[in-house]
Amino acid sequence: MNQNIIYLLPLICSLSGAVLCIIPILRLEKVVSVIASHLAFFSAVYLLFQPDYTIGYFYIDGLSKLLILTIAMVYISTVWYSLAYLKHIKNPLFQNRLYYFLLNVFASTMFFSVSMDNVGLIWVGIEATTVSSALLVSTENDQVTIEAAWRYVIIVSTGLVISLIATTFIYGSSGTLSIRELMLHHPDNRVFLIGILLGLVGFGTKAGIFPMHTWLPDVHGKAPAPVSAIFSGVLLPVALYAMARLNQIFPVTTVKIFTLTLGVLTVSVAALMITVQTNYKRMFAYSSMENMGIILIGFSLGGYGLLGAVIIIISHGLAKSAVFFLTGDILGSLHTTDMNKVNGMLQKLPKTAATLFLAAMAVTGAPPFAIFVGELFIFSALLAQYGWVLSVVVILFLAIAFISLNFRAGKMIFMKHEKIVREKFHIETIVPIINLTLSLLVLFFIPYIEQLLKKFL
């Protein structure tokens, strides 16, 4: 097989799935999407054992491989969950064929974004996610959801305009947009620095980083469960991937401190916002924002801080997608997103409740889940570089988020006693359980993750 094709297999599989979904005469969009997502996953696993690929416009190193695998895992679970979830939508904006087309396109744009050597092409890939993702958000076709989608498009597009300006600054001051070349030879001037800082702000908008985060809770609060799952699980980390590359391109103190500041502010604001939420989907959206903040802190630290960040990316993608799948189960059964109206889940929906309890612990960094280990790596690096004061501040806000989210989730699960309902296992129940289990198993692969990232450590 051609060497180029091997490294492009996840992208080719998802794009092929999109093309086949849109052909009217086939009407095999479900089967095609299942096959495409499985092939993309197996291809992503195969890539882990291949050498780094740095030819032409492609730059696929250990960091890229791990992001591709994470995208593939959430992609395949989202397809499976959608098979059952779409049956419950009474008035969809478009036919199932178009939904699966958009889902496959969405996955392909993310595969594209984390495979490019060129900052401009990364921008193109992340920008391309906007159209498909905005339409996916609008699937349920009600006014509030469509308004949330429009707000997402406006805010994110503003951020991407900023990152486009940043790209022109980088090119104008260096004469290249190649990540490999810029990491080896980059200008040390003010224009280049401004380009990097603007890029962090612009791509940070898509990642839900403070202060351009306001679209995130609105979209998650109204989007269908599988869309929220893939949004939170992998779209936000893909945008963070671009920010990680900018930190690698120009690892000067100013860039590191700016990235660290954005991360700390994001964690702080997200933690405080979790404490006042009454909508459980918005609460978990702010939890995603908090996770993105701690990942960004890890990127700013480099070394084992980066290792911790990548561990969190993988485990967050699996655990948080499981959480949002579960919110779909809760909404479908109890018909509300108001936490004050959701109680006694352990009696009403015992399997969903038990899985949600574990998933909430996982996404908030409770041991033995992998996010806890990733946070330990980040805190050790933070303590070594910046001392106790900043470390304690970050730990304090993470503790606020941990206590508040798990207390509120606990009330939903354990409060009141109701008659037990016979809850059958089906796709909507099994998929989040699988993802949560995989999130736990990430622990056993930390040595291999470290090996893939060895050149950064």
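Okay, residues lined up against (1) over 23 Å from residue 434 (Cβ atoms); (2) of a type outside the set (Asp, Glu); (3) touching a strand residue (DSSP E or B) at 6+ places or on another chain (Cβ under 9 Å); (4) at pLDDT below 90:
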residue: 78; (1), (2), (3), (4): no, yes, no, no
residue: 85; (1), (2), (3), (4): no, yes, no, yes
residue: 97; (1), (2), (3), (4): yes, yes, no, yes
residue: 113; (1), (2), (3), (4): yes, yes, no, no
- Tell me, yes or no, whether the range 21-42 has at least one residue that is under 26 Å from residue 177 (Cα atoms) and either touching a residue at least 40 places away in the same chain (Cβ under 8 Å) or surrounded by 16 or more Cβ atoms within 10 Å (Cβ to Cβ) (or both). no
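Could you tell me which residue of the range 387-407 is nearest to residue 360 (Cα to Cα), considering only residues that are in contact (Cβ under 8 Å) with a residue 40 or more places away in the chain and more than 23 Å from the chain's Cα centre (by Cα)?
Taking the range 387-407 as the starting set, the residues that turn out to be in contact (Cβ under 8 Å) with a residue 40 or more places away in the chain are 390, 393-394, 397-398, 400-401, 404-406.
With more than 23 Å from the chain's Cα centre (by Cα) added as a condition, the list becomes 390, 393.
Working: 390: 26, 393: 22 Å.
Residue satisfying both the conditions and the ranking: 393.
Yes/no per residue for (1) in contact (Cβ under 8 Å) with a residue 24 or more places away in the chain; (2) in contact with a Leu (Cβ under 8 Å, 6 or more places away or on another chain):
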position: 46; (1), (2): yes, yes
position: 52; (1), (2): no, no
position: 94; (1), (2): yes, yes
position: 102; (1), (2): yes, yes
position: 118; (1), (2): yes, yes
position: 126; (1), (2): yes, yes
position: 132; (1), (2): yes, yes
position: 137; (1), (2): yes, no
position: 141; (1), (2): yes, yes
- Message: Between 240, 296, 307, which is within 24 Å of residue 122 (Cβ to Cβ), in contact (Cβ under 8 Å) with a residue 40 or more places away in the chain and out of contact with any Phe, Trp or Tyr (no Cβ under 9 Å at 6 or more places or on another chain)?
- Response: 296
- Message: Go through the range 359-385 and report how many residues are in a helix (DSSP H, G or I), in contact with a helix residue (DSSP H, G or I) (Cβ under 6 Å, 6 or more places away or on another chain) and closer than 23 Å to residue 330 by Cα.
- Response: 4
- Task: Out of the residues in the range 100-150 that are out of contact with any helix residue (DSSP H, G or I) (no Cβ under 6 Å at 6 or more places or on another chain) and among the charged types (D, E, K, R), state the one that is surrounded by the most Cβ atoms within 10 Å (Cβ to Cβ).
- Result: 140
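The values are calculated or read from the model by the stated rules, or taken from the named source; none is laboratory data. In this text the structure is predicted, and so the values were computed from the model without any measurement. Every residue, glycine among them, receives a Cβ derived from its backbone with ideal geometry; neighbour counts consider all protein chains shown.
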